[in-house]
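Notes to accompany the following structure.
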Amino acid sequence: MLKIIYPCFNNYDLMFGENADFLLEYREQIIVIDDHSSEAEAEKGKKWCQKHGIQFCLNPGKGIPAAVHYVVHNYCGHNDWLLVMQQDVCFVDKQAVSKLNVRLEAVNQKGHKIGAIGFPNFVSSSHYHPDVEDLKSVKWHQCWLGLFTLSHSSHYSKASFIDRVFRVISRLPVINQQYRKFWHKVIFQRNFAPSTFPKFTEISRKYEGLCAVELPVWTSIAINTNAWRDSVELDSRFVFHLWFPDIANQLMNKNWYICNDTDFIVHNNWQVKFKYDQLGSVEEGKKKDGKMERYGNHLNIWKIKWGYDYEDPYPKQVNNPFIEKGSVLELMIRHDPKEPIKKFDVNS
């Protein structure tokens, strides 16, 4: 059975304002979990959920992983999947939840060792792809499909002169303080999307269907609760930013695959936050009085935990004592992402 979780921190106006129809339609599957909002905000969320018969509870910890961990161990049974949703996303297909139920049942029946599944994201007014006039007509290969966060940059960096210059400059010790600025121009291309990834049209068609990926876009992510119980150790240091990359690494380190399913498309309308006096998650998180989780120290925490820099993984991923030998995680590190490492059959 598929359950749906909405972790919420001081943004109930956004959640109810944009997702009321979805919440009401799937109220029996949905759990709203408050992440220690202000007293007024928490009461707002609780009253709305009680009025409409939706399960509401308080996160006993802090952050999305703690919320997922609590729901997995208290509300989910064997073979259940948990769909974790952000408030600014929705499925393009209004029948997606029922279709996703069927897909996940097939994954269970086939015994595929899949720990989590993400979906192509169409991001309004983004640098990942051009916009479309009619969202209903968008195709999966027009979307942002994920990130190659484990691969060596040689697999995705452009071969132009200016890109080679950026790579050289980013390594010069004399401009170490400007390192990130230049290196970001290189790693930006690891976003597997039409406007960022070299030869996207040619390579993306190989990823049609249900394919293992290094990291899908995690604005909405379906998590196998069996895999979570089997492999995930809750880390209270990850609250919002990089929460799913940490979970994905843990799952792959225990030989569960992380996948992208092109049969579903998610609309990530991040600009809707402006209606509710919010900026994007990074910008809002860096504000002193922001309404979202503080941006925090997650990049340093990642480096300490996993032994490599999230934004500059090589060469410290290779022969890394934190990464299990022969695991899916190690295979992904050594893999050229121009071909999917594994495709899954879900046909009966």
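The values are calculated or read from the model by the stated rules, or taken from the named source; none is laboratory data. Predicted model only: the values in this text are computed from it and were never measured. Note that each Cβ is placed from the backbone with ideal geometry, even for glycine, and that neighbours are counted across all protein chains shown. Remember, those area values only see protein heavy atoms, side chains included, never the ligands or the DNA or RNA. Shrake-Rupley method; radii C 1.70, N 1.55, O 1.52, S 1.80 Å.
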Determine, yes or no, whether residue 101 is part of a loop (DSSP other than H, G, I, E, B) and open to solvent by 30 Å² or more (accessible area, probe 1.4 Å).
no
Can you name the residue in the stretch 38-56 that is of a type outside the set (Lys, Arg) and over 24 Å from residue 236 (Cβ atoms) and is also surrounded by the most Cβ atoms within 10 Å (Cβ to Cβ) among such residues?
49
Looking only at the stretch 302-337, count how many residues are surrounded by 15 or more Cβ atoms within 10 Å (Cβ to Cβ), touching a residue at least 24 places away in the same chain (Cβ under 8 Å) and part of a loop (DSSP other than H, G, I, E, B).
8
Hey, does the stretch 190-210 have a residue that's in a helix (DSSP H, G or I), free of Cβ contacts under 8 Å to residues at least 40 places away in the same chain and either within 19 Å of residue 336 (Cβ to Cβ) or of a type in the set (Phe, Trp, Tyr) (or both)?
yes
State all residues of the stretch 57-93 that are buried (at least 23 other Cβ atoms within 10 Å of the Cβ) and touching a Gly at 6+ places or on another chain (Cβ under 8 Å); if no residue qualifies, say none.
67
Every listed condition ((1) at pLDDT below 95; (2) touching a strand residue (DSSP E or B) at 6+ places or on another chain (Cβ under 9 Å)) holds for residue 107 save (1)
Of (1) in a loop (DSSP other than H, G, I, E, B); (2) modelled with pLDDT under 90; (3) open to solvent by less than 30 Å² (accessible area, probe 1.4 Å); (4) among the aromatic types (Phe, Trp, Tyr), residue 238 satisfies every one except (2)
Got a sec? Which strands (runs of 3 or more DSSP E) wholly within the stretch 5-97 have at least 3 residues that are under 18 Å from residue 266 (Cβ atoms) and in contact (Cβ under 8 Å) with a residue 12 or more places away in the chain?
81-85, 89-91
Going through the stretch 250-272 one residue at a time, which ones are on the phi < 0 side of the Ramachandran plot, of a type outside the set (Val, Ile, Thr) and part of a loop (DSSP other than H, G, I, E, B)?
254, 256, 263, 264, 269
Candidates 303, 325, 343, filtered to the one that is modelled with pLDDT of 80 or more, within 23 Å of residue 207 (Cα to Cα) and basic (Lys, Arg)
343
Pull up the stretch 110-127, narrow it to residues that are open to solvent by 50 Å² or more (accessible area, probe 1.4 Å) and on the phi < 0 side of the Ramachandran plot, then point me to the one that is modelled with the lowest pLDDT.
127
